[in-house]
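No lab work stands behind these numbers, since they all come straight from the coordinates. Remember, predicted model here, so these are calculated numbers, not experimental data. Every residue, glycine among them, receives a Cβ derived from its backbone with ideal geometry; neighbour counts consider all protein chains shown.
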Amino acid sequence: NPCPKKQVITRDPLPLKLKPIEINLSVIGPYIDYLKEKQGVNNVFVNGTTGESMSLSVEERKLLAEEWCRKAKGKMDQVIVHVGCLSLKDTQELAHHAAQIEADGIAVIAPSFFKPSSADVLRTFLQEVASTAPTLPFYYYHVPSVTGVNELIEGIEKVIPSFRGVKFSGSDLMDLGQCISYIPPHWSVLYGIDEQLLGALVMGVHGAVGSTYNYVGCHVNKLISAFETGDLVQARTIQFKIQELVSFAIKLGFDVGVNKQLMNELSGLDLGPPRLPVMTCPAARALAIKQKYDSIFPE
Ligand SMILES: CC(=O)N[C@H](C=O)[C@@H](O)[C@H](O)[C@H](O)CO
Ligand SMILES: CC(=O)C(=O)O
């Protein structure tokens, strides 16, 4: 029988929402205060992975970037706006806009549907973007699945004079070390895997950009200070705590939606849910992770 009558639905249907979740600009100001005062975070990287940039329209990304820049003035040292899109034209439009709103820098991830077929092609794509905002420090957002970073940055200053560094979200320390040893002193490599930042600090990274710094920022600042004063025992202790938290979260299921809910719970602000296809985190999961957080990092 090709058309069985009995259909057994064993899973709860996904909640259907007719309208997409809207952006909420009004929480950005209070969130900046929270980051600065409670987390000791003085630089922000906006409209990236955690900000669900790939799920937002160009117009929404402009509104968000503008509000971040406006509210961060005098409070944050730098606002770096991620402007990467699948479309070169949209990316250029956002880069141009970032310059207009006086962002401190832009970052671009490689397009991920039509992936650049070589480092040369990617370099050309980045060059086309950077030339739209030639005065803004330019960071390449490196996620290793697309191309190797080292073949990309070799000679990049010749085609992108505004090039200032890499947001490095790879775990390969050899690749990271080669990147750091190649770059001139006025560039930065910012590390993007929060649970192993200490290893990257040893290799020489200049900073860190990570989703969990929304709520472990204050602890990571202590980790970095401990590292800088040579107190590796203390630095490791903090790193291991972050690892414990992240591995607990991964076991329960950790994604951008869960992170969003943790940002809600731990900031005490109502930042809202994520937008589909990112799913809202089940309340029980966020609560369990928050309890774990409280036990690892007691007040
Ligand atoms: C893929 C991804 O979102 N990476 C984030 C930043 O780049 C990290 O902050 C991770 O979320 C974090 O290291 C936890 O695994
Ligand atoms: C954390 C980060 O780097 C991002 O959201 O893109």
Inset, instruction - List the residues whose amide H sits under 5 Å from the amide H of I23, counting only those 5 or more places along or on another chain, with H placed 1.01 Å from N in the peptide plane. - result: none
Legend entry - Theoretical FRET efficiency, 1/(1+(r/R0)^6), r = Cβ-Cβ of S112 and L269, R0 41 Å, to 0.05: 0.85
Legend entry - Relative contact order (%) - region 229-299, alpha-carbon pairs under 8 angstrom, separation at least six: 34 percent
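How much mean residue ellipticity at 222 nm does the chain get from its helices, if each DSSP H run of length 4 or more adds -39500 (n - 2.57) and you divide by all residues, to the nearest 500 deg cm²/dmol?
Numbers: 12 runs with 136 residues, N = 299.
That comes out to -14000 deg cm²/dmol.
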Inset, instruction - Grab the other residues whose beta carbon is less than 12 angstrom from that of L136, score K and R as +1, D and E as -1, and report the net. - result: -1
Inset, instruction - Give a residue-ordered list of calculated ³J(HN,Hα) values for region 153-170 (Karplus: 6.51 cos²θ - 1.76 cosθ + 1.60, θ = phi - 60°; whole Hz; x for Gly, Pro). - result: 7, 4, x, 5, 4, 6, 9, 10, x, 7, 4, 10, x, 10, 8, 9, 10, x
Inset, instruction - Of the options C69, S181, H142, report the single residue whose Cα projects farthest towards the positive end of the charge dipole of region 25-210 (beta-carbon charges: Lys, Arg +1; Asp, Glu -1). - result: C69
Inset, instruction - Assign one of three labels to region 25-210, namely rounded, prolate or oblate, based on the Cα gyration tensor with a ≥ b ≥ c the square roots of its eigenvalues; rounded applies when a/c is under 1.5, prolate when it is not and a/b is larger than b/c, and oblate otherwise. - result: oblate
Legend entry - FRET efficiency estimate (nearest 0.05) - Cβ-Cβ, D175 to E102, R0 25 angstrom: 0.15
Legend entry - Residue with peak Gaussian network fluctuation, the chain [Cα springs, cutoff 10 Å], from A226, A283, A99: A283
Legend entry - Hits among lysines - C-alpha to C-alpha of K115 under 26 Å, sequence gap 8 or more where chains match: K62, K89, K158, K167
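About the Cα centre of the chain, how large is the charge dipole given +1 on each Lys and Arg Cβ and -1 on each Asp and Glu Cβ? Please answer in debye to the nearest 20. Don't jump to the answer; show the numbers that get you there.
Values: 28 positive and 31 negative charges, 185 e Å.
Dipole size: approximately 880 debye.
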Inset, instruction - Pop a pseudo-label 7 angstrom from the Cα along the beta-carbon direction at both L276 and D33 and give the gap in nm to one decimal. - result: 3.5 nm
Inset, instruction - Sticking with the crude label model, points 7 Å out along Cα→Cβ, report the distance from V143 to V202 in nm, one decimal please. - result: 2.8 nm
Inset, instruction - Any lysines with Cα under 17 Å of the K36 Cα? List them, leaving off those in the same chain fewer than 8 positions away. - result: K71, K73, K75, K222
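For region 90-136, what is the relative contact order in percent, using Cα pairs closer than 8 Å and at least 6 residues apart in sequence?
Details: 27 pairs, mean separation 27.7, N = 47.
Computed over region 90-136, the figure is 59 percent.
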Legend entry - Phi to ³J(HN,Hα) by Karplus 6.51 cos²θ - 1.76 cosθ + 1.60 over region 88-99, Hz, x for Gly, Pro: 4, 4, 5, 4, 5, 4, 5, 5, 4, 5, 4, 5
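What's the longest bit of the chain with no exposed trypsin sites (Lys or Arg not before Pro), using DSSP loop states and at most 12 other Cβ atoms within 10 Å as the test? Show your work: numbers first, answer last.
On the way: sites that count: K5, K6, R11, K17, K73.
Answer - 74-299.
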Inset, instruction - Would you kindly derive the ³J(HN,Hα) couplings of region 38-46 from the backbone phi angles with the Karplus curve 6.51 cos²θ - 1.76 cosθ + 1.60 (θ = phi - 60°), listing them in order in whole Hz, with x for Gly and Pro? - result: 8, 10, x, 8, 10, 9, 10, 10, 10
